[in-house]
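Where a number appears in this text, it was derived from the coordinates with a stated rule and is not lab data. If you're wondering where the values come from, they're calculated on a predicted model, not measured in any experiment. Don't worry about glycine lacking a Cβ; one is built from the backbone with ideal geometry, like all the others, and counts go over all protein chains shown.
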Amino acid sequence: MSLTPPSGGAPFRAGFACFVGRPNAGKSTLTNALVGTKVAITSNRPQTTRHSVRGIVHRSDAQLVLVDTPGLHKPRTLLGERLNDVVRSTWAEVDVIGFCLPADQKLGPGDRFIAKELAEVKRTPKVAIVTKTDLVDSQRLAEQLIAVDQLGREVGIEWAEIVPVSAVGDRQVGLLADLLVPLLPEGPSLYPDGDLTDEPEQVMVAELIREAALEGVRDELPHSLAVVVEEMLPREGRPADRPLLDIHANVYIERQSQKAIVIGAKGSRLKHVGTTARKHIEALLGTPVFLDLHVKVAKDWQRDPKQLRKLGF
């Protein structure tokens, strides 16, 4: 791609932006809103994101590649430590960092902890993104914007921008992209037109199953739940105009007592998980799917290096 658009205006830019913040700050929802489709799973549970999902925003003047990291948090397990390592290694590789701070929650110790860590990343420009603005009135929003500006001064960060957005309400999402693009380096596209993510399909499918399994479960379960897609194969003998993709996946939990929670009475909950996940998978892959789910116990997998490797962490 030429570095100069036909209009003869600003040069084409392409690069990576990373959204960081404490868990449940709206990073995944914002990623999906900017890309225009679902590339990151969302949940009201903390630590939903476990992989650095790249969502790709295609524009006439730029290609913005969004890296959605897990929420930085005080780790209690080996998994937690590895998720934090993913966050820090990502910070070192991107062109701009977006720090997400929810408008409906006062700044707390978690936000200050992340801000201090970000202050150590000297050369990368940082944009403060005040998320979930649809949940507050104008006065509360103004107070939060002032508090975010003050937080930057306290820790030694000079924000490149402070932007209030609502991904759910589609407020100022386009403006955020407009402000991020000038912070990217000049250069050609990094991915082909039409690509929305570089995540392998099996990882995306596993994440969609995990999102469905997280809906409506008890507080202790989300951290204990992992999904591995064992096999994805076209069904043999199907006519070309009626394809079917067979997907076999295992849902792992840490304790036998959690198995009943995931399966539900007479398998009702697992059936609902399968139905919900299948609809999203078919939308993602553009083909009918047969989804075969099994629930297995991997005792204390979050603390076991061997099992973490097996489950993809």
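Whose amide H sits under 5 Å from the amide H of N24, counting only residues 5 or more places off or on another chain, with H placed in the peptide plane?
Correct list: Q47, T48.
Under a crude label model (7 Å from the Cα following the beta-carbon direction), how far is R82 from R255 in nanometres?
Once both label points are built, they end up 2.2 nm from each other.
Using the scaling law 2.2 N^0.38 Å as the reference, what is the normalised Cα Rg of segment 201-310? Before the final figure, lay out the partial values.
Values: Rg = 14.5 Å, N = 110, 2.2 N^0.38 = 13.1 Å.
This ratio for segment 201-310 stands at 1.11.
In segment 76-110, whose amide N lies under 19 Å from the spot 7 Å out along Cα-to-Cβ of D134? List them in ranges.
Under cut-off, by backbone N: 100-105.
A25: net charge of surrounding residues, Cβ under 9 Å, Lys/Arg +1, Asp/Glu -1, itself excluded?
Details: positive: R22, K27, K132; negative: D111.
Residues near A25 contribute +2 overall.
Once you place label points 7 Å from the Cα toward the Cβ at E282 and H58, how far apart are they in nm?
2.6 nm
How high is the FRET efficiency from A10 to K296, r the C-beta distance, R0 45 Å, rounded to 0.05?
On the way: r = 53 Å, r/R0 = 1.18.
Efficiency for this residue pair is about 0.25.
Once you have the Cα-Cα distance between Y191 and A147, take 0.36 nm times their residue separation minus that, and quote the gain in nm to one decimal.
Details: separation 44, 0.36 × 44 = 15.84 nm, distance 3.75 nm.
Working it through step by step, the gained length comes to 12.1 nm.
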